[in-house]
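The values are calculated or read from the model by the stated rules, or taken from the named source; none is laboratory data. Computed from a prediction, not measured in an experiment: that's the story for all the values here. Counting neighbours? That spans all protein chains shown, and the Cβs are built from the backbone with ideal geometry, glycine included. The area values use the complete protein model at the heavy-atom level, side chains included, leaving out ligands, DNA and RNA. Shrake-Rupley method; radii C 1.70, N 1.55, O 1.52, S 1.80 Å.
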Amino acid sequence: MNNDDDALDRALDTIEQVELISLRWGYVDGSFAEDEIERLLAAALGSDAPVDTVFDALLDRALLHEIPQPNGTRRYRSRFAESVRLFRDLKLLTFKRPWLSAPNLVSDYR
């Protein structure tokens, strides 16, 4: 593992640790604004790596999920938090029932 991978690991760990606070309570729809991500990255990396480079690398490697908003802005969450959100919404699909009224496959995700 090289220094770039170490910086990415530290950055992702920091983001996921903050997300875990909400996920533990069952709030899975949380996300970060770009400036919040940059502050977390700056705290995690110090002067070891440029924040913009690490931010772009997290996006390029799909470790950070971009969520476009209706107002044109973007929010971000880690792939872990996005996975938990998607698992929460899984439905049991059958031919006899529309998907909106289908039962959830995951009853307790916390």
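Residues checked against (1) among the acidic types (Asp, Glu); (2) within 19 Å of ARG10 (Cβ to Cβ); (3) open to solvent by 70 Å² or more (accessible area, probe 1.4 Å):
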| position | (1), (2), (3) |
| --- | --- |
| GLU38 | yes, yes, no |
| LEU41 | no, yes, no |
| LEU45 | no, yes, no |
| PRO70 | no, no, yes |
| PHE87 | no, no, yes |
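When each of GLU19, GLU66 is tested for being acidic (Asp, Glu) and in contact (Cβ under 8 Å) with a residue 60 or more places away in the chain, the lone residue that passes is GLU19.
Restricting the first member to the stretch 81-107 and to residues that are among the hydroxyl-bearing types (Ser, Thr, Tyr), and the second to residues that are not in a strand (DSSP E or B), the beta-carbon pairs closer than 8 Å and six or more apart or on different chains are THR94/ALA102. Would it be correct to say that GLY26 is loosely packed, with under 13 Cβ neighbours inside 10 Å, under 23 Å from VAL106 (Cβ atoms) and touching a residue at least 12 places away in the same chain (Cβ under 8 Å)? Answer is yes for this residue. Based on this model, can you work out whether ASP9 counts as free of Cβ contacts under 8 Å to residues at least 12 places away in the same chain and either part of a loop (DSSP other than H, G, I, E, B) or open to solvent by less than 50 Å² (accessible area, probe 1.4 Å) (or both)? No. On the stretch given as the stretch 89-110, residues that are open to solvent by 60 Å² or more (accessible area, probe 1.4 Å) and outside any strand (DSSP E or B) total 15.
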